[in-house]
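J.: Before I ask anything, here is the structure I am working with.
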Amino acid sequence: MKLLKSAALFLLPTTISANANAEYLINLADFPDWFQQSMARETSVETSGKMVIERLNVDAQVKGKPVLQDSGSTDVWYYTMDIGSDSPVECYAFLEFDGAANSLHAIVEHSLGGAEQINGKPLSGRFTLGLDMGMIGDTPFLQLDTLYNLGEGSEKVVGVLKGLSAQTNQSLQICVHNEMGYQQAFHDVFASFVRAFTANDKQPELYEATYRMTINGIPVGYSQEKHTIDQDGDIATVLRDAMITPVDQVAVSRSDSQTLEWSRPDGSLINAQEYTIENGQLASQFAISSAEDAWQVTGQMQGKEVSATLEYNSWLLSSFGNYTETALLLASDAPSADYHIWLSDADPTSALPVTFTKIDELPDANLQFDLGPLTLKYLATENGSFEKGSIAQGGAELKLEKVYSKGQPVMP
């Protein structure tokens, strides 16, 4: 359970199948029959081919017969895949990237520029057609579909650019398809592409989970966490958030964050490093550690350097500690429990008091988390894991639902 970087909302840390159709923000029934028929086109991708990337330990058969078009950069691989339609699926693998949300948006922008050049017509209109998130095995992905126009008047043409992105352990995968319809075919090729990068991953986690995030019913992203036991017996945690949020019919806000955190088996924080990228720019970057019986924080926010010693110098609750302490509270007769946590979005220079309280008035929540004016109600199991929750802030309701988990958030 952690703070959602892009929305300043506290997150919750069963499996759903991947959905090939995005949640459309525009009613397709309002479009002409020819458009609806084009959007409904589908094909079965029977062809496949070998893809080998030694640096990323990739050696697999991939749907659509991948053809390497450009590997001029040592950190980028660009492939085209023929699915039997007029336009190929284009797929990228990156070793250096901003994140699943920001990088997907950047590739979509690049592809729209390519459509202008190929057609010899300027971009004259665009709309966010659909957003979604789903799972490919244990890997979450984001989907961003864009409806666009090129040219004006009788020369105007319409197109749909579909985009998918997924961050695996070593790299980022993005595929786009600039053609109406073929949602399932496109998804199948992307899933095959992503699995090529995860096939040889052997990283047993103590516990991992992914949560689907929606704001006012619109799927906007995911939160993923992985907890492993390191060589010293401590808990090494990787937390990732990725969000694409509609601002209006055209613009979307993008946010990616990652935290590397170490904690003791009792749930106390040892140290952490984190960063957040918003709309293509580094928004913040922090590190916290204990030195000389004091918590030291260094980093930057919005380009300004931050260096501080917290006035609080005692036990801080870690992300993994949320599980251990929740399990203890649920197993006890105590009505609540109080802790201190460090949340850089709220105040990177302070340790903040938080309270966990048992509740029984809601069927979908048995605990409440209070941080100042912020209140989160959520459902937790007896082992401390979180199933779902919701929080209202500024007229928006953020809902979270666990869509994948493996292992148990308890020490063996």
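J.: Looking at (1) under 30 Å from Ser124 (Cα atoms); (2) open to solvent by 10 Å² or more (accessible area, probe 1.4 Å); (3) touching a Ser or Thr at 6+ places or on another chain (Cβ under 9 Å), which is the only condition Ser154 fails?
T.: All conditions are met except number (3).
J.: Can you tell me which residue among Ser253, Ser257 is open to solvent by 10 Å² or more (accessible area, probe 1.4 Å), of a type in the set (Gly, Ala, Ser) and under 17 Å from the mean Cα position of the chain (by Cα)? Can you show your working first?
T.: Numbers: Ser257 fails: open to solvent by 10 Å² or more (accessible area, probe 1.4 Å).
One residue alone meets the criteria, Ser253.
J.: Here's a follow-up. Looking only at residues that are assigned to a strand (DSSP E or B) and touching a Lys or Arg at 6+ places or on another chain (Cβ under 8 Å) in segment 232-244, which one is most open to solvent (accessible area, probe 1.4 Å)?
T.: Step by step, filter segment 232-244, then rank; the result is Val238.
J.: Return a yes/no flag: does segment 330-352 have any residue that is under 13 Å from Phe386 (Cβ atoms), surrounded by 13 or more Cβ atoms within 10 Å (Cβ to Cβ) and out of contact with any Phe, Trp or Tyr (no Cβ under 8 Å at 6 or more places or on another chain). It would help to see each step written out before you state the result.
T.: Step one: of segment 330-352, the residues under 13 Å from Phe386 (Cβ atoms) are 330.
Still in the running and surrounded by 13 or more Cβ atoms within 10 Å (Cβ to Cβ): 330.
The next check asks that each one be out of contact with any Phe, Trp or Tyr (no Cβ under 8 Å at 6 or more places or on another chain); those that pass are 330.
Yes, segment 330-352 contains a residue that is under 13 Å from Phe386 (Cβ atoms), surrounded by 13 or more Cβ atoms within 10 Å (Cβ to Cβ) and out of contact with any Phe, Trp or Tyr (no Cβ under 8 Å at 6 or more places or on another chain).
J.: Determine which single condition Gln281 fails, assuming it passes every other condition in (1) out of contact with any strand residue (DSSP E or B) (no Cβ under 8 Å at 6 or more places or on another chain); (2) among the polar types (S, T, N, Q); (3) under 27 Å from Ser405 (Cβ atoms).
T.: (3)
J.: While we're looking at this one, here's another question. Can you find even one residue in segment 192-199 that is part of a strand (DSSP E or B), out of contact with any helix residue (DSSP H, G or I) (no Cβ under 6 Å at 6 or more places or on another chain), of a type outside the set (Val, Ile, Thr) and open to solvent by less than 40 Å² (accessible area, probe 1.4 Å)?
T.: Of all residues in segment 192-199, those part of a strand (DSSP E or B) come to none.
Within segment 192-199, not a single residue is part of a strand (DSSP E or B), out of contact with any helix residue (DSSP H, G or I) (no Cβ under 6 Å at 6 or more places or on another chain), of a type outside the set (Val, Ile, Thr) and open to solvent by less than 40 Å² (accessible area, probe 1.4 Å).
J.: Take the residues in segment 122-135 that are among the hydrophobic types (A, V, I, L, M, F, W, C) and open to solvent by 10 Å² or more (accessible area, probe 1.4 Å), then tell me which one is nearest to Val157 (Cα to Cα).
T.: The selected residue is Leu123.
J.: Going by the structure shown, is Ser111 loosely packed, with under 15 Cβ neighbours inside 10 Å, among the hydroxyl-bearing types (Ser, Thr, Tyr) and in a helix (DSSP H, G or I)?
T.: Spelling it out, it is not the case that Ser111 is loosely packed, with under 15 Cβ neighbours inside 10 Å, among the hydroxyl-bearing types (Ser, Thr, Tyr) and in a helix (DSSP H, G or I).
J.: I need every pair where a residue in segment 172-186 that is within 23 Å of Arg126 (Cα to Cα) and in a loop (DSSP other than H, G, I, E, B) has its Cβ under 6 Å from the Cβ of a residue that is at pLDDT below 95 and open to solvent by less than 10 Å² (accessible area, probe 1.4 Å), sequence separation at least 6 or different chains.
T.: none
J.: Output the residue which, of all residues in segment 306-326 that are assigned to a loop (DSSP other than H, G, I, E, B) and of a type in the set (S, T, N, Q), is surrounded by the most Cβ atoms within 10 Å (Cβ to Cβ). If you could, list the steps in order and put the result at the bottom.
T.: We begin by selecting, within segment 306-326, every residue assigned to a loop (DSSP other than H, G, I, E, B); these are 310-316, 318.
Next cut, of a type in the set (S, T, N, Q) only: 313-314, 318.
Values: Asn313: 13, Ser314: 10, Ser318: 27.
Going through the qualifying residues, I end up with Ser318.
J.: Scan segment 177-190 for residues that are open to solvent by less than 30 Å² (accessible area, probe 1.4 Å), in contact with a Leu (Cβ under 9 Å, 6 or more places away or on another chain) and not aromatic (Phe, Trp, Tyr) and jot them down.
T.: Across segment 177-190, the qualifying residues are His177, Glu179, His187.
J.: Being part of a strand (DSSP E or B), among the hydroxyl-bearing types (Ser, Thr, Tyr) and surrounded by fewer than 21 Cβ atoms within 10 Å (Cβ to Cβ) is the filter here, so list the residues in segment 50-100 that pass it.
T.: Selection gives Tyr78, Thr80.
J.: Another question, then. Quick check on my filter: what residues within segment 282-305 are open to solvent by 60 Å² or more (accessible area, probe 1.4 Å) and within 23 Å of the chain's Cα centre (by Cα)?
T.: The answer is Leu282, Gln285, Met301, Gln302.
J.: From Val354, Val403, grab the single residue that is out of contact with any Leu (no Cβ under 6 Å at 6 or more places or on another chain) and β-branched (Val, Ile, Thr).
T.: Val403
J.: Run down Ile174, Ile229, Ile218 and say which single residue is among the aliphatic types (A, V, I, L, M), open to solvent by 20 Å² or more (accessible area, probe 1.4 Å) and within 18 Å of the chain's Cα centre (by Cα).
T.: Ile218
J.: Quick one: count up the residues across segment 356-407 that are at pLDDT 90 or above and part of a loop (DSSP other than H, G, I, E, B).
T.: 5
J.: Name the one entry in Asn169, Asn119 that is modelled with pLDDT under 95, touching a Ser or Thr at 6+ places or on another chain (Cβ under 8 Å) and open to solvent by 10 Å² or more (accessible area, probe 1.4 Å).
T.: Asn169
The values are calculated or read from the model by the stated rules, or taken from the named source; none is laboratory data. Quick caveat, the model's predicted, so the values are computed rather than measured. So basically every Cβ, Gly included, is an ideal-geometry build from the backbone, and we count neighbours across all protein chains shown. The accessibility values were calculated without ligands, DNA or RNA, using every heavy atom of the protein model including side chains. Shrake-Rupley method; radii C 1.70, N 1.55, O 1.52, S 1.80 Å.
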